[in-house]
Amino acid sequence: MEDKNIYLNKSKNVFLKDNEVIKKYDVDSDKEYIKSRHIFDLSKKLAFIFPEPLEKNGNTVKFENIKSEKSIREEYIAFMKDLIKERDAVSLFERVGGVLATLHNSMMLNERNYWFPSEPFIKAMRKCGVNDIDSYTRRLPMTYMHCDFGFSNISVNNINGENNIVIYDASPNNFTTFRTSNLGPIYIDIGNMISCLNGLVPVWNYFHMKWNKLPALKEAFLKGYRDKSECDVDMSWADKFSYATAYCYFNKQYGESLKQKAAINMLFNKFKHNTVD
């Protein structure tokens, strides 16, 4: 029988059917539905859009199909290639930071699964000079996490002449977050976004990107977060978590290998002035 689903990712667990988005979960589908419902309810009060979860059936959840006009990745690349004005890009990424902060301030889930660092995360933190991340974690501001707050799950849609931030898929990414109801440091979500800003895009874009523009976007994102947050944000911790996030991502992609090391060195280097070790 012909498979008529339109798959929206490589793993084929998200697909379009009858103009609705359906996501299949391997675990925790009940918790995923509850969390998505909670974030959708929050989005009606806060300054972002989240697709409404319409129905749960077994291990799948059907979502409202919000057609993405522009991914935040496209806006980032355009700015880094000097194709859009700095004030527009700075304003946009300030808003993205503000959205994350309001989500952190407001999210409350019935179940609490404390976040624990994976072995690759611990190894990456040691490279940043943090030898006991567990003891530091207890002192950092805590929140329920989005769990995968990065380029793939944020878009900008124009509705009635106004640009709106759209957030998607608040599920574990399975390289830094592994539970739906993760409660942990604010820097997990912050670090995920900053690792994206450090250049987590297809490498062919690099030839035209102007890395002296990078600090403006990082500062804009963190300013937006600070302005809306109930917590202080330490840039050095944001950078360390960004490095550890990228390390775990490439570890999942390539394992402990020369390819992983090359990818890390491409993302963090003296040319970008973003080394942390």
**Study point:** First in the stretch 108-133 and over 18 Å from residue 261 (Cβ atoms) and open to solvent by 90 Å² or more (accessible area, probe 1.4 Å), second anywhere and of a type in the set (Phe, Trp, Tyr) and outside any helix (DSSP H, G or I), Cβ under 8 Å, 6 or more apart
**Key:** 108/144
Revision key, fill the gap. Scanning the stretch 219-275 residue by residue, those surrounded by 20 or more Cβ atoms within 10 Å (Cβ to Cβ) and hydroxyl-bearing (Ser, Thr, Tyr) turn out to be 225, 229, 242, 243, 245, 247, 249
Exercise for review: Name, by its number, the condition in (1) more than 22 Å from residue 172 (Cβ to Cβ); (2) without any contact (Cβ under 8 Å) to a residue 60 or more places away in the chain; (3) in contact with a Lys or Arg (Cβ under 8 Å, 6 or more places away or on another chain) that does not hold for residue 87.
Suggested key: (3)
Practice item. State which residue is nearest to the chain's Cα centre (by Cα) when the search covers only the stretch 168-191 and only residues that are buried (at least 23 other Cβ atoms within 10 Å of the Cβ) and closer than 22 Å to residue 265 by Cβ. Key: 191
**Study point:** Hits in the stretch 264-275 (condition: under 25 Å from residue 116 (Cβ atoms) and out of contact with any Asp or Glu (no Cβ under 9 Å at 6 or more places or on another chain))
**Key:** 264, 267
Exercise for review: List every residue pair whose Cβ atoms sit under 6 Å apart, with the two residues 6 or more apart in sequence or on different chains, where the first one lies in the stretch 245-256 and is closer than 18 Å to residue 126 by Cβ and the second, anywhere, is at pLDDT 95 or above and surrounded by 24 or more Cβ atoms within 10 Å (Cβ to Cβ).
Suggested key: 245/176; 245/191; 245/192; 245/195; 246/195; 247/124; 248/176
Practice item. Note down all Cβ pairs under 7 Å where the first residue falls in the stretch 187-215 and is in contact (Cβ under 8 Å) with a residue 12 or more places away in the chain and more than 21 Å from residue 155 (Cβ to Cβ), the second is among the charged types (D, E, K, R) and open to solvent by less than 40 Å² (accessible area, probe 1.4 Å), and they're at least six residues apart or on different chains. Key: 211/272; 214/272
**Study point:** Residue among 165, 194 that is more than 23 Å from residue 128 (Cα to Cα) and open to solvent by less than 20 Å² (accessible area, probe 1.4 Å)
**Key:** 165
Study note, to complete from the structure: Given the conditions (1) hydrophobic (A, V, I, L, M, F, W, C); (2) touching a Gly at 6+ places or on another chain (Cβ under 8 Å); (3) over 21 Å from residue 100 (Cβ atoms), every one holds for residue 238 apart from (3)
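The values are calculated or read from the model by the stated rules, or taken from the named source; none is laboratory data. All figures in this text were calculated on a predicted structure; none of them were measured in a lab. Neighbour counts are summed over all protein chains in view; Cβ atoms, including those assigned to glycine, are modelled from backbone coordinates with ideal geometry. Side chains are part of the model used for accessible areas, which takes the heavy atoms of the whole protein and leaves out ligands, DNA and RNA. Shrake-Rupley method; radii C 1.70, N 1.55, O 1.52, S 1.80 Å.
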